[in-house]
Amino acid sequence: MIGPGSRTRVFAYAAPCDMRKSFNSLSGLVTAMGHELAAGDVFLFVGRTKKRAKVVWYDGTGLCLLAKRLDQGHFVAVWDQASGELELTRSELALFLEGCQVVGRMPLSPPTIDVDEASRVARTSFC
């Protein structure tokens, strides 16, 4: 299968990007974001005119680059939604590349519970 794996995280670069950039230049932007490209995460870049987008990821054997240019319409400006970087789900990335706009985000699972603070009985009571 061509494409990133199922356990990857997706990060959007929260500034307009020069779409003339290729593998090495986009890799430099990834390290400037504070991430390691070899970790297998996916990185999304959108051009200033919002007509082009590029996705970069490392699949374990080499660096992959997906480029998309829209004939009609434009992509959503991800830099309007985040100050530093925006983390997306894989589904949100797929919808973004199809031209959809993220209207609202709702957590799909409840937050993790700290058992020590949420418990009415202390763990030391059982020892």
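Here, each number is a calculation from the coordinates, and none is a lab measurement. Here the structure is a predicted model, which means the values were calculated and not measured. Because the Cβ atoms are built from the backbone with ideal geometry, glycine has one as well, and the counts that use them run over all protein chains shown.
By how many nm would the segment from Asp114 to Ala38 lengthen if fully extended, with 0.36 nm per residue of separation less the alpha-carbon distance? Walk me through the intermediate numbers first.
Details: separation 76, 0.36 × 76 = 27.36 nm, distance 3.20 nm.
Net length gain for the segment: 24.2 nm.
Return Thr89, Thr31 ranked ascending by Cβ neighbour count within 10 Å, so the fewest neighbours appear first. Mind dumping the intermediate values first?
On the way: Thr89 13, Thr31 10.
Fewest to most other Cβ atoms nearby, the residues stand as Thr31, Thr89.
With 10 angstrom as the radius, rank Ser27, Ser91 by how many other C-beta atoms surround their C-beta, starting from the fewest. Before the final figure, lay out each step's value.
Values: Ser27 17, Ser91 10.
By the 10 Å Cβ count, ascending, the order reads Ser91, Ser27.
Search the structure for amide H atoms under 5 Å from the amide H of Phe11, placed 1.01 Å from N in the peptide plane, and list their residues when 5 or more places away or on another chain.
Those qualifying (amide H under 5 Å, at least 5 residues apart or on another chain) are Val42, Phe43, Leu44, Leu88.
Of all DSSP beta bridges located in the stretch 10-104, what percent are antiparallel, nearest 5? Mind dumping the intermediate values first?
Numbers: 16 of 20 bridges.
Roughly 80 percent of the beta bridges in the stretch 10-104 run antiparallel, per DSSP.
Below 8 Å, C-alpha to C-alpha, sequence gap of six or more: please give me the relative contact order for the stretch 10-104 in percent.
Values: 158 pairs, mean separation 30.7, N = 95.
Over the stretch 10-104, the number comes to 32 percent.
Sort Trp57, Trp79 so the one with the fewest other Cβ atoms within 10 Å of its own Cβ comes first.
Working: Trp57 22, Trp79 18.
Final ranking by Cβ density, sparse to dense: Trp79, Trp57.
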